[in-house]
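The values are calculated or read from the model by the stated rules, or taken from the named source; none is laboratory data. Here the structure is a predicted model, which means the values were calculated and not measured. Note that each Cβ is placed from the backbone with ideal geometry, even for glycine, and that neighbours are counted across all protein chains shown.
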Amino acid sequence: MLRPGKIVCVGRNYRDHAKELGNEVPTAPLIFLKPPSAILAPGAPIVRPRVSERVDFEGEIGIVVGRTLTRATEADAATAVRGICAVNDVTARDLQKGDGQWTRAKGFDSFCPIGPEVAYAGAFDALEVVTRVNGEERQRGHTRDLVFSIPFLLSYISQVMTLEPGDLIATGTPAGVGPLVAGDAVEIEVVGLSRVANPVIDAA
Ligand code: ZN
């Protein structure tokens, strides 16, 4: 199981998803952190906290850093990827809107299901992510539709904070986000490479 030192996420990195929530497409990457304590293994339950009335799935492509990057160029960043994994950036949507900043909404225990890391150093414009809830497809996104490419994101983040081996970058979610309720089963798949499926329960 991947234990990243940090999880850096990118908001609104697909045009169609930014629009569906009524947001502008950003002119620079919008980054935030998720705590590593939120990581959840395949098969373990996503726990809906009692303080939220709307907990959403966000299927994303996760990039695992393989080499230390500090103020890296895009070209350097492109050669520093070790692997990829499926990520579910679970979000308490009501708390995200109410708080204004996103740490609480994105940071609950169990809010970061991740699939197995698969070695990958291939083309970053040829990855596809699919989300299914109870077997029904709800999201499908392709890296050619990213606002900011994966090498650009790694370079951009490394201007702020040193990226270290094992750090995880969640690259944003495509359109189609929606709520989860107790009893649902949600699955994120980076097509043909990594998948993570989890049941959903309410906190006791
Ligand atoms: Zn996200």
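In this entry, Leu69 is excluded by the filter for residues that are closer than 19 Å to Gln159 by Cα and within 12 Å of the chain's Cα centre (by Cα). For region 75-100, the set of residues classified as closer than 30 Å to Arg54 by Cα, away from the ligand (no atom under 14 Å from the Cβ), touching a residue at least 24 places away in the same chain (Cβ under 8 Å) and not in a helix (DSSP H, G or I) consists of Ile84, Cys85, listed by residue number.
Cβ separations smaller than 9 Å between residues 6+ apart or across chains give no pair from region 170-186 residues that are more than 21 Å from Glu128 (Cβ to Cβ) and within 12 Å of the ligand (Cβ to nearest atom) to residues that are at pLDDT 95 or above and charged (D, E, K, R). Out of Pro151, Pro165, one residue alone is part of a loop (DSSP other than H, G, I, E, B) and touching a residue at least 24 places away in the same chain (Cβ under 8 Å). It is Pro165. Scanning region 101-127 for residues that are within 16 Å of the ligand (Cβ to nearest atom), over 17 Å from Arg3 (Cβ atoms) and in a loop (DSSP other than H, G, I, E, B) returns Gln101, Trp102, Phe108, Leu127. Report, by residue number, each residue of region 100-129 that is surrounded by fewer than 15 Cβ atoms within 10 Å (Cβ to Cβ) and closer than 16 Å to Pro199 by Cα. Across region 100-129, the qualifying residue is only Asp109. Annotation note: of Arg132, Arg195, Arg138, the sole residue that is within 15 Å of the ligand (Cβ to nearest atom), surrounded by fewer than 21 Cβ atoms within 10 Å (Cβ to Cβ) and in a strand (DSSP E or B) is Arg138. If the condition is being surrounded by 16 or more Cβ atoms within 10 Å (Cβ to Cβ), at pLDDT below 95 and within 14 Å of the ligand (Cβ to nearest atom), then region 1-25 contributes Gly11, Arg12, Asn13, Tyr14, His17, Ala18.
May I ask you to list the residues in region 35-56 that are over 18 Å from Pro116 (Cα atoms) and either out of contact with any Pro (no Cβ under 8 Å at 6 or more places or on another chain) or without any contact (Cβ under 8 Å) to a residue 40 or more places away in the chain (or both)? Let's see the steps before the verdict.
Step one: list which residues in region 35-56 are over 18 Å from Pro116 (Cα atoms), which gives 35, 47-56.
Within region 35-56, Pro35, Val47, Arg48, Pro49, Arg50, Val51, Ser52, Glu53 meet the criteria.
When Glu60 is tested against the conditions (1) under 17 Å from Gly178 (Cα atoms); (2) more than 16 Å from the ligand (Cβ to nearest atom); (3) outside any loop (DSSP other than H, G, I, E, B), the lone failure is (2).
Can you spot a residue in region 81-103 that is of a type in the set (S, T, N, Q), under 22 Å from Ala126 (Cα atoms) and at pLDDT 95 or above? Before the answer, list the steps.
So the first thing to find is which residues in region 81-103 are of a type in the set (S, T, N, Q), and the list is 88, 91, 96, 101, 103.
Okay, now just the ones that are also under 22 Å from Ala126 (Cα atoms), so 88.
Those still in the list that are at pLDDT 95 or above too: 88.
Scanning region 81-103 turns up at least one residue that is of a type in the set (S, T, N, Q), under 22 Å from Ala126 (Cα atoms) and at pLDDT 95 or above.
Do you know which of the residues in region 63-74 that are in contact with a strand residue (DSSP E or B) (Cβ under 6 Å, 6 or more places away or on another chain) and not in a loop (DSSP other than H, G, I, E, B) is farthest from Val186 (Cα to Cα)? Among them, the one singled out is Leu69.
With respect to the conditions (1) more than 20 Å from Asp184 (Cβ to Cβ); (2) in contact with a strand residue (DSSP E or B) (Cβ under 9 Å, 6 or more places away or on another chain), Val130 lacks only one, and its number is (1).
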